[in-house]
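K.L.:
Mind looking over this structure? Questions follow.
The values are calculated or read from the model by the stated rules, or taken from the named source; none is laboratory data. All figures in this text were calculated on a predicted structure; none of them were measured in a lab. Glycine also receives a Cβ, built like all others from the backbone with ideal geometry; neighbour counts cover every protein chain displayed.
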Amino acid sequence: MTEIFEPKIDIDSTRYLSICYGEPMVFHCHHYNVFLQQTIEDPEYLDTKPLLTNAAASCAYSQLKEMFSTEKGFDSPQSRFGAAESIFKTLGFGLLEGLKNQVTENGGLVRAKMSHYGYTWKIKFGLRDTPADFFTSGYLSGVMSAVYNKPAGYYVIEEKECAAKGDNACTFEVKAADSLLSIPKSPGKGSLLTRLPERERLPGNIDEPAILKALANLPLVGNEEGLIPAFGVYLTRMYSNYYNLISYGFEELLIKHKGPQMKNVSRPLLIEAGHVCAFNTFGGIMKSPEWYGLIFPMIKNREDWVHGMVAAINALGWGKWTVKELIPNERLVLIVDGSYESNGYLSIYGKSKTPECYLATGGSAGLMNLIYYGDITTKSALDQNYYNRLFKGKGNFKCEEVLCRSKGDDHCEFVVTKTA
Ligand SMILES: [Zn+2]
């Protein structure tokens with residue numbers, strides 16, 4: 001069963017989430033993934049490598065433990081490694097083949113034929129001097145612990161070669177750690193809403209249920225290389241807890257080292273990562289053949305571009321987005337029920353004093369900048385010049401999260417307005 005095993009991803013259609021063995025999964029592109037990592041790695045005075053690695057260990061360990069205890073047939077290391085390879089490939093993280101031949105309970109040397117992080121770092125930023133694939137390092141640590149029934153943090157992984165350094169592949173040395181590493185506990189599904197409120201949608205011309213159904217049937221799974229090329233980007237179906245643990249963990253580290261005022265630094269940095277996400281993923285979707293085949297025929301005016309894109313966002317596993325108010329080229333108010341950021345934040349930290357949905361804040365601004373300020377309807381090239389114009393230009397759109405579940409509100413609300 002090891003060769004043909006395919007991980008089961010359950011769609012929670014009432015909460016607009018996707019769950020794979022207890023771990024919520026969200027679609028995000030390589031631009032967001034490596035930009036977010038670069039942001040977190042950037043401050044030289046912080047050691048963020050353990051953060052980036054241990055968060056992945058946490059998610060993989062939690063997921064595989066759940067899988068091995070609920071599915072039949074995972075009694076041997078061979079079958080367990082097969083499942084770990086299959087998940088890695090299906091979700092677009094790359095290709096780990098023959099794990100069972102590469103390691104024993106004592107460790108070994110693992111070669112990833114393809115790595116999403118290693119490969120896409122190189123194509124986005126060029127080569128670097130040090131290994132880049134902290135995600136796969138952590139993933140392997142979680143896999144090893146789950147396969148051999150060890151506690152999380154039992155194995156330490158060192159990436160020896162990395163595609164982002166110019167090596168042919170990424171290789172990882174796996175060995176037992178001298179002492180147990182401190183792996184955060186995954187919040188799993190997180191703090192879920194019991195039920196989502198019924199909401200009035202603005203009357204656009206978009207048939208959202210039809211779009212959700214069509215997008216759910218797109219084969220957005222890893223190809224023979226373990227990559228998901230789609231909409232002009234490389235997608236991953238990433239653990240939402242990975243994003244939450246590294247983003248909020250980064251903020252926590254900054255504050256610990258430099259004081260509480262650092263929230264004024266981390267917030268714009270993490271919102272900027274949201275701009276990068278919107279620009280590339282939303283921009284890519286709104287230029288794609290799928291958009292022009294499926295959504296464009298429903299569009300009767302520019303406002304429908306917003307409604308159509310929000311419908312597409314609702315297929316990403318990010319929670320439920322609803323357009324509350326839209327004044328053309330002026331103002332957008334979005335409601336998000338059960339955002340993956342708030343589900344995770346509340347579960348990890350409890351109630352916050354400030355709004356915490358950075359990705360959705362950046363994404364909401366990006367929506368208006370792409371559709372009104374930058375006119376994505378002309379299929380503009382998604383290059384650095386266009387990005388700078390959209391997000392650094394005079395009179396562009398900015399977003400503020402005015403209500404957030406993480407601070408006790410019953411939903412998150414985003415107001416996007418024009419800057420002076
Ligand atoms: Zn929020």
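K.L.:
Condition first: in the same structural domain as Met368 (by TED's automatic domain parsing), within 22 Å of the chain's Cα centre (by Cα) and assigned to a loop (DSSP other than H, G, I, E, B). Can you find one or more residues in segment 291-298 that meet it?
P.N.:
Our first condition is that a residue be in the same structural domain as Met368 (by TED's automatic domain parsing); within segment 291-298, this holds for 291-298.
The next check asks that each one be within 22 Å of the chain's Cα centre (by Cα); those that pass are 291.
Among the residues that remain, those that are also assigned to a loop (DSSP other than H, G, I, E, B) are: none.
Checked segment 291-298: no residue is in the same structural domain as Met368 (by TED's automatic domain parsing), within 22 Å of the chain's Cα centre (by Cα) and assigned to a loop (DSSP other than H, G, I, E, B).
K.L.:
Before we move on, is Tyr292 crowded, with 21+ Cβ neighbours inside 10 Å, at pLDDT 95 or above and among the hydroxyl-bearing types (Ser, Thr, Tyr)?
P.N.:
Details: crowded, with 21+ Cβ neighbours inside 10 Å: no; at pLDDT 95 or above: yes; among the hydroxyl-bearing types (Ser, Thr, Tyr): yes.
When the stated conditions are applied, Tyr292 does not pass them.
K.L.:
Moving on to the next point. Does at least one position in segment 251-263 carry a residue that is within 27 Å of Asn54 (Cβ to Cβ), surrounded by 16 or more Cβ atoms within 10 Å (Cβ to Cβ) and in contact with a Gly (Cβ under 9 Å, 6 or more places away or on another chain)?
P.N.:
no
K.L.:
With Lys394, Lys418 as the choices, which residue is touching an Asp or Glu at 6+ places or on another chain (Cβ under 8 Å) and more than 16 Å from the ligand (Cβ to nearest atom)?
P.N.:
Values: Lys394 fails: touching an Asp or Glu at 6+ places or on another chain (Cβ under 8 Å).
After ruling out the rest, the residue left standing is Lys418.
K.L.:
Something else about it: Among the numbered criteria (1) out of contact with any Ser or Thr (no Cβ under 9 Å at 6 or more places or on another chain); (2) farther than 24 Å from Asp47 by Cβ; (3) at pLDDT 95 or above; (4) small (Gly, Ala, Ser), which one does Gly92 miss?
P.N.:
For Gly92, the failing item is (1).
K.L.:
Same structure, new question: Is it the case, given these coordinates, that Tyr345 is within 12 Å of the ligand (Cβ to nearest atom), more than 25 Å from Val233 (Cβ to Cβ) and buried (at least 22 other Cβ atoms within 10 Å of the Cβ)?
P.N.:
Values: within 12 Å of the ligand (Cβ to nearest atom): yes; more than 25 Å from Val233 (Cβ to Cβ): yes; buried (at least 22 other Cβ atoms within 10 Å of the Cβ): yes.
Yes: the conditions hold for Tyr345.
K.L.:
Starting from segment 393-420, take each residue that is at positive phi and list its partners that are more than 8 Å from the ligand (Cβ to nearest atom) and of a type in the set (Gly, Ala, Ser), counting only C-beta distances under 9 angstrom and pairs at least six apart or across chains.
P.N.:
What qualifies is Gly395/Ala420; Gly408/Ser352.
K.L.:
Oh, and also: Working carefully through the options Leu193, Leu215, find the one that is touching a residue at least 24 places away in the same chain (Cβ under 8 Å), assigned to a helix (DSSP H, G or I) and within 30 Å of Ile327 (Cβ to Cβ).
P.N.:
On the way: Leu193 fails: assigned to a helix (DSSP H, G or I).
Exactly one of Leu193, Leu215 is touching a residue at least 24 places away in the same chain (Cβ under 8 Å), assigned to a helix (DSSP H, G or I) and within 30 Å of Ile327 (Cβ to Cβ), namely Leu215.
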